Amino acid sequence: MSSIGQAQLADKALLAQAVPSHVAVSAAWPFCVDVPNTIIGTTDTLSPVRFEGSDTRVPPSSSSRLRLPNETVRQRRKREAYEERIEFLQEEARHDGYALNSASRRDFEQFALEAEDIRRAGLALLDNDNLRAIWRDGQGTRLGLQFLGGGRAQYVLFKRRTGEQPVSRVAGRDSLKGLERQLAAFDMGSLLYE
Amino acid sequence: MSGGPLPEEDRIVRYLSATLIVDGVADGASFRLRRGEAGLSVNWLEVLASKGADPLNEVRRLSRLQLRRSGRFAELGVGDVLRTVAGELDTLRIVHDPLEAADGCAADPSHSQIAGLPPADTDEAMPVGDMIAECVTATHPAAVEPG
């Protein structure tokens, strides 16, 4: 069904070194990394940010539920930009007959807003109600994170290494905490952080 | 699906909801299957151009979707898509699938499908969608103001 280039194989080996031994790395492209359910969504790995309410869908007019206690000007601007974008997405989704999963939104906000130096992402709202954040560098490197709720995300990494063809691609799902390992293994820091 | 593969030098368009357009660019989520789908609906421009009409206007006229002004049509080259994805997924095909007139809708001779995609909600679906999205050469308004 698929073929794997040498550059991608090299990355698979790198990924295999980077992930813990209990995580299975598939031989099939695109190296879908299967993290056992036992470590997915463990809330003890997440920062203690408090959210209000427990509904599963956010009404179109609602604003962000994440307001950090010591929010910086940069964080506030980012949060407000996201709020505006999410409001637009919710309005459009309503016309198409779907909504926003509040668990997905919570996870996105936690990931994208807590760290002050994380770059602003482009945001899509999928027809399965989940938010997807996208970071691109214009050189072929990109990161897409679909926030699944429950502290889990599906990731797609396209990495163009200097002077190397083709683009390496990896996809899988992991806990938000586990994502840090995947991103570090593929040296995505410059894409993600200012 | 009743037709054969589309010519590689021809172009197709796919309707994008505004929720899947990020900073003016099609997100790969637009090019993944949803549950219950066997293929992605697209429109073959050249088959409409051969009838002498503006193909995009014909797509708008014939579409059975509720086109919104905030939506766009993404234009892609058939060969581009096949070549881009072929190295990773050799099941992908773009085939003619004309629709007959039904339920008050006119026949749509341009309707085609991207088939052979990974099943919905699998981890393979999104990266393949992202690769197809990288083949988008232009986007066009889904609906135009009446002249």
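Search region A:138-153 for residues being assigned to a loop (DSSP other than H, G, I, E, B) and either in contact with a helix residue (DSSP H, G or I) (Cβ under 9 Å, 6 or more places away or on another chain) or buried (at least 24 other Cβ atoms within 10 Å of the Cβ) (or both), and hand back the single one that is nearest to the other protein chains (Cβ to nearest Cβ).
Of the residues in region A:138-153, the ones assigned to a loop (DSSP other than H, G, I, E, B) are A:138-141, A:150-151.
With the extra rule that they be either in contact with a helix residue (DSSP H, G or I) (Cβ under 9 Å, 6 or more places away or on another chain) or buried (at least 24 other Cβ atoms within 10 Å of the Cβ) (or both), the set shrinks to A:141, A:150-151.
Details: A:Thr141: 12, A:Gly150: 15, A:Gly151: 17 Å.
Filtering first and then ranking leaves A:Thr141.
I need the full set of residues from region A:156-177 which are more than 9 Å from every other protein chain (Cβ to nearest Cβ), in a strand (DSSP E or B), closer than 21 Å to A:Ser190 by Cβ and not basic (Lys, Arg), in order please.
Hits for region A:156-177 are A:Ser168, A:Asp174.
Taking the condition over 21 Å from A:Gly144 (Cβ atoms), within 14 Å of the chain's Cα centre (by Cα) and away from chain A (no Cβ under 14 Å), does B:Ile114 pass? Can you show your working first?
On the way: over 21 Å from A:Gly144 (Cβ atoms): no; within 14 Å of the chain's Cα centre (by Cα): yes; away from chain A (no Cβ under 14 Å): yes.
Criteria not met by B:Ile114.
Can you name the residue in region A:108-130 that is touching a Lys or Arg at 6+ places or on another chain (Cβ under 6 Å) and outside any loop (DSSP other than H, G, I, E, B) and, of all such residues, is farthest from the other protein chains (Cβ to nearest Cβ)?
A:Leu113
Could you check region B:8-38 and list, in sequence order, the residues that are among the small types (Gly, Ala, Ser) and either assigned to a strand (DSSP E or B) or at the interface with another protein chain (Cβ under 10 Å from one of its Cβ atoms) (or both)? Walk me through how you get there before you give the answer.
The first filter runs over region B:8-38 and keeps only residues among the small types (Gly, Ala, Ser), leaving B:17-18, B:24, B:26, B:28-30, B:36, B:38.
Of everything in region B:8-38, those that are among the small types (Gly, Ala, Ser) and either assigned to a strand (DSSP E or B) or at the interface with another protein chain (Cβ under 10 Å from one of its Cβ atoms) (or both) turn out to be B:Ser17, B:Ala18, B:Gly24, B:Ala26, B:Gly28, B:Ala29, B:Ser30.
Can we say A:Arg105 is surrounded by 23 or more Cβ atoms within 10 Å (Cβ to Cβ), touching a strand residue (DSSP E or B) at 6+ places or on another chain (Cβ under 7 Å) and not in a strand (DSSP E or B)?
Numbers: surrounded by 23 or more Cβ atoms within 10 Å (Cβ to Cβ): yes; touching a strand residue (DSSP E or B) at 6+ places or on another chain (Cβ under 7 Å): yes; not in a strand (DSSP E or B): yes.
The answer is yes for A:Arg105.
When you scan region B:99-130, how many residues do you find that are assigned to a loop (DSSP other than H, G, I, E, B) and either of a type in the set (Lys, Arg) or buried (at least 19 other Cβ atoms within 10 Å of the Cβ) (or both)? Quick ask: steps written out before the conclusion?
The initial filter retains those residues of region B:99-130 that are assigned to a loop (DSSP other than H, G, I, E, B), namely B:100-101, B:103-104, B:106-107, B:109-110, B:116-124.
If we keep only those that are either of a type in the set (Lys, Arg) or buried (at least 19 other Cβ atoms within 10 Å of the Cβ) (or both) too, we end up with B:109-110, B:117-118, B:123-124.
Residues flagged as assigned to a loop (DSSP other than H, G, I, E, B) and either of a type in the set (Lys, Arg) or buried (at least 19 other Cβ atoms within 10 Å of the Cβ) (or both) within region B:99-130 amount to 6.
Select from region B:71-98 the residues that are of a type in the set (Lys, Arg) and within 16 Å of the chain's Cα centre (by Cα) and write down the one among them that is surrounded by the most Cβ atoms within 10 Å (Cβ to Cβ). Full working, then the answer.
Narrowing region B:71-98 to residues of a type in the set (Lys, Arg): B:72, B:83, B:93.
Now narrow it down to the ones that are within 16 Å of the chain's Cα centre (by Cα): B:72, B:93.
Numbers: B:Arg72: 26, B:Arg93: 16.
Ranking the candidates gives B:Arg72 first.
Any read-out appearing in this document is the output of simple, stated calculations on the displayed coordinates, not a laboratory observation. Predicted, not measured: the structure shown is a model, and the values here were computed from it. We place every Cβ from the backbone using ideal geometry, glycine too, and count neighbours over all the protein chains shown.
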